[in-house]
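These notes are about the structure you will find just below.
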Amino acid sequence: MFLVNDFIALLAANLILTQALGTSTIFIASGSRRKLVFTALVITLFTTFGAAAAYAVDRFLPSQYNYLTLLCYTAAVSALYVIFLVLFYFISKERFQKIRRYIHISAFNCAVMGTLFTISGRASEDPALMNIGSYVFAGLEAGVGFVLAALILSAAFHKLNSAKVPASFRGFPAMLVYLGIISMAVWALK
Amino acid sequence: MVISPVIICGDTLRNAEALAMAFTSITLLSVLISSFTPKKLPYAVKIIIYAVISSLIYIPVRMAAQEFFPGIITRIGIYFPLLAVNSLIVVQTETKFFRMKRLKMIPTLLFYVAGFDAVILITAFIRELLAYGTINNRMVDADTLISGLSQPFGGFIFLGLLCGLYRALRSLFSSEPATERE
């Protein structure tokens, strides 16, 4: 029962299904199951480490300069982008050509930036969440939620793109309706 | 594609007007200024420069939006800054716009932006009418309300249906068949 409760909580906190964050990215990556899952995993890295950087920005940026938050988050994600590119290059030079595509797709998008702003918003409403542990955990949770949504989409990807679906609705429109139905189920769980 | 603001905030015409204004200014200015970035720079460096340029342009656009749409910016919340990291700026610039000559790029970009604005305004008009029974916050004589259209799932489903309908109409009036991917 504990696991079921956790699973429901994870679904209800899912940023794609409840806030539509990262929908564009998930569609760009939906060309193949492998690409979708790899993109989701790299996005998890960005949301987790990005959340730690967002904590530093929220902690040290004076409130009168809050219009600079986006710029600071962009700088933080840019730094992570470069770090991940360099890191993956040294981990495996042979696979770097393939891996770097996922890093390019995952760095600047609504999934990562939206997660950082959502975590920051929650922390400003509840000061108890204003600590690095809460930020990193929320970033990891958002990333896992993205992986979950990617798996849900990849399960139906081929059927939604098959000839059985009318040509006008094949692909993108069918995937939107499909995500809408899953989102409705999650909304009912909340 | 900039789907999330359309799905979440595109449920009233007032929100849609604020988003369309911000998207138009941020995207047009960011892509035009970014087009002067040296092409020889590594891909990752160029993407970072584009993201920083759009984040800088976001600052005066937000200030202007607070003057023109007081209250709406708070309601739109996190979706407002997300316009600055839209895929037209950070993805399509390199794959599409900057491969064109500037004279061809500008009208193409204008059509892309106008397309987004048209979609969010039409979607918001219909969703507001059917979900709340209002048009631009003015009550209209609507007998049946579908409150689910104001929810995220309503946005997903409605946008999907609208996209399919558009493709069907386009294939009716043109010789090309309905495409599988946009």
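With θ taken as phi - 60° and the coefficients 6.51, -1.76 and 1.60, list the Karplus ³J(HN,Hα) couplings across segment A:61-67 in order, rounded to whole Hz; mark glycine and proline as x.
Listing the rounded values in order: 7, x, 4, 6, 9, 5, 5 Hz.
Per Stokes-Einstein, at 10 °C and 1.306 mPa s, what whole-number D in µm² s⁻¹ belongs to segment B:3-173, with the Kirkwood radius over Cα pairs as the hydrodynamic radius?
It diffuses with D of about 92 µm²/s by this estimate.
How far is helix B:43-68 tilted off the main Cα axis of chain B, in degrees rounded to 10, range 0 to 90?
40 degrees
Only Cα pairs under 8 Å and at least 6 apart count here; give the relative contact order of segment B:3-173 as a rounded whole percent.
Across segment B:3-173, relative contact order equals 34 percent.
Sequence-distant or interchain residues sharing an amide H contact under 5 Å with B:Gly10, placed H: which?
HN-HN under 5 Å from B:Gly10: empty list.
For B:Ile135, what residues show an amide H to amide H distance below 5 Å, using hydrogens built from the backbone and excluding near sequence neighbours?
Amide H neighbours of B:Ile135: B:Val140.
On a 0 to 90 degree scale, rounded to 10, what angle separates helix A:110-125 from the longest Cα axis of chain A?
50 degrees
For n ≥ 4 DSSP H runs only, could you compute -39500 (n - 2.57) per run for the protein assembly as shown, divide by its residues and tell me the 222 nm figure to the nearest 500?
So the helix-based figure for the protein assembly as shown works out to -24000 deg cm²/dmol.
Say R0 is 22 Å: what FRET efficiency, to the nearest 0.05, do A:Val82 and B:Leu32 get from their beta-carbon distance?
Result of the calculation: an efficiency of 0.30.
To one decimal place, what Kirkwood hydrodynamic radius in Å is obtained for chain A from all pairs of distinct Cα atoms?
When all Cα pairs of chain A are included, the Kirkwood radius is 17.5 Å.
Got a sec to turn the phi values of segment B:101-118 into Karplus ³J(HN,Hα) couplings, 6.51 cos²θ - 1.76 cosθ + 1.60 with θ = phi - 60°, whole Hz, x for Gly and Pro?
These are the phi-based 3J(HN,Hα) values: 6, 4, 5, 8, 5, 4, x, 4, 4, 4, 5, 4, 5, 4, x, 4, 4, 4 Hz.
What are the GluC sites (Glu not before Pro) within segment A:92-190 that DSSP puts in a loop, where the Cβ has at most 14 other Cβ atoms within 10 Å?
A:Glu94
Against the globular-protein guess of 2.2 N^0.38 Å, express the Cα radius of gyration of the protein assembly as shown as a ratio, rounded to two decimals. Could the numbers behind the result be given before it?
Details: Rg = 20.2 Å, N = 372, 2.2 N^0.38 = 20.9 Å.
Here the Cα radius of gyration is 0.97 times the empirical estimate.
Apply the Karplus curve 6.51 cos²θ - 1.76 cosθ + 1.60, θ = phi - 60°, to the phi angles in segment A:170-187 and return the couplings in whole Hz, x for Gly and Pro.
Ordered by residue, 3J(HN,Hα) equals 5, x, 3, x, 5, 5, 5, 5, 4, 4, x, 5, 5, 4, 5, 5, 5, 4 Hz.
Going from the alpha-carbon gyration tensor of segment A:63-105, what semi-axes, largest first and in whole Å, does one get by taking the root of 5 times each eigenvalue?
Here the semi-axes work out to 30, 9, 4 Å.
Measure up A:Lys35/B:Lys101; A:Lys35/B:Lys46; A:Lys159/B:Lys96; A:Lys35/A:Lys93; B:Lys46/B:Lys96 against 25 Å on the Cα-Cα distance and list the ones that go over.
A:Lys35/B:Lys101; A:Lys159/B:Lys96
We did not get these values from a lab; they are worked out from the coordinates using the rules stated. The structure displayed is predicted, hence computed values, not measured ones. Note: ideal-geometry Cβ built from the backbone for every residue, glycine included; neighbour counts use all protein chains shown.
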